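> Got a structure for you, questions after.
The values are calculated or read from the model by the stated rules, or taken from the named source; none is laboratory data. Keep in mind it's a predicted model, so treat the numbers as computed, not measured. All Cβ positions, glycine included, derive from the backbone under ideal geometry; neighbour counts span all protein chains shown.
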Amino acid sequence: MERLPPLRYAAAIEAALRNLLGADRGYSGLICKNPINSHWIVQEWESTPYTLDDLADYIDLTPEKAKEKPVEDYGLGRNCMLFDELRAWAYKAIRQGWPDYNQWLNACLDRAIGYNVNFSTPLDISEVKHTAKSVAKWTHRNFTRGTFDDYVARTHTSEMQSFRGKKGGRPATTTANGRPWDVLGISRATWYRLQNRS
């Protein structure tokens, strides 16, 4: 399956731009007018394509903004939403009896189809099958009784619980120094990019 972090990033930018520009929320991504046809006047302001980071500089992608409205169930967001919902379900569901692969694949496909019909513009069945197969294959290979027991043993030691307790209630979106990007008047993404450069 595609790498999900770039897809999520692209979906968040797509949704934020759609909201910023007041674009059609129901647009499914199909082109109805050919920009190459001489009948249409096409203006090009930028000779090189924008990168996602270029576009992100003009919109608010802070976690607080993302919490206001979830990534919508259209465009790139549908693929991400389907994958996220299906994998979250799969992590728990596979532990209910540890089924064989074919049973598990059918269960994942049934669940994925159920999630897909709730989208305002559902994905093609081939995309749904691909996502279901990806989730089923990964969870069946990596989530066994043994690996799950090892995971619990590794992540629930007294040292880990002590560390989590010391961390306290500080949100994951802040640093030990609070929210320095607010003080500087820049976006969180820009602040982290600057930190990575130095």
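> From the list Arg193, Arg170, Arg164, Arg154, which residue is modelled with pLDDT under 80 and in a helix (DSSP H, G or I)?
Details: Arg193 fails: modelled with pLDDT under 80; Arg170 fails: in a helix (DSSP H, G or I); Arg154 fails: modelled with pLDDT under 80.
Exactly one of Arg193, Arg170, Arg164, Arg154 is modelled with pLDDT under 80 and in a helix (DSSP H, G or I), namely Arg164.
The rows are residues; the columns are (1) surrounded by 12 or more Cβ atoms within 10 Å (Cβ to Cβ); (2) over 16 Å from the mean Cα position of the chain (by Cα); (3) at pLDDT 95 or above.
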residue: Glu72; (1), (2), (3): yes, no, no
residue: Ile94; (1), (2), (3): yes, yes, no
residue: Trp98; (1), (2), (3): yes, yes, no
residue: Asn102; (1), (2), (3): no, yes, yes
residue: Val117; (1), (2), (3): no, yes, no
residue: Ser120; (1), (2), (3): no, yes, no
residue: Val135; (1), (2), (3): yes, no, yes
residue: Phe143; (1), (2), (3): yes, yes, no
residue: Gly146; (1), (2), (3): no, yes, no
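> Consider Lys129 carefully, then state whether it is of a type in the set (Lys, Arg), at negative phi and modelled with pLDDT of 90 or more. So that I can check it myself, show each step before the final result.
On the way: of a type in the set (Lys, Arg): yes; at negative phi: yes; modelled with pLDDT of 90 or more: yes.
Yes, satisfied.
> If a residue has to be surrounded by fewer than 10 Cβ atoms within 10 Å (Cβ to Cβ) and either in contact with a helix residue (DSSP H, G or I) (Cβ under 7 Å, 6 or more places away or on another chain) or closer than 15 Å to Tyr58 by Cβ (or both) to count, how many in region 181-198 make the cut?
Kept after step one, since they are surrounded by fewer than 10 Cβ atoms within 10 Å (Cβ to Cβ), are these residues of region 181-198: 185, 196-198.
Narrowing further to those that are either in contact with a helix residue (DSSP H, G or I) (Cβ under 7 Å, 6 or more places away or on another chain) or closer than 15 Å to Tyr58 by Cβ (or both): none.
Within region 181-198, residues that are surrounded by fewer than 10 Cβ atoms within 10 Å (Cβ to Cβ) and either in contact with a helix residue (DSSP H, G or I) (Cβ under 7 Å, 6 or more places away or on another chain) or closer than 15 Å to Tyr58 by Cβ (or both) number 0.
For (1) of a type in the set (Gly, Ala, Ser); (2) touching a residue at least 40 places away in the same chain (Cβ under 8 Å), each residue gets a yes or a no:
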| residue | (1), (2) |
| --- | --- |
| Arg87 | no, yes |
| Tyr91 | no, yes |
| Ile94 | no, yes |
| Trp104 | no, no |
| Leu109 | no, no |
| Asn116 | no, no |
| Lys129 | no, no |
| Phe143 | no, yes |
| Ala153 | yes, no |
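> Could you check, for region 82-90, whether at least one of its residues is closer than 24 Å to Ala10 by Cα, among the aromatic types (Phe, Trp, Tyr) and at pLDDT below 85?
no
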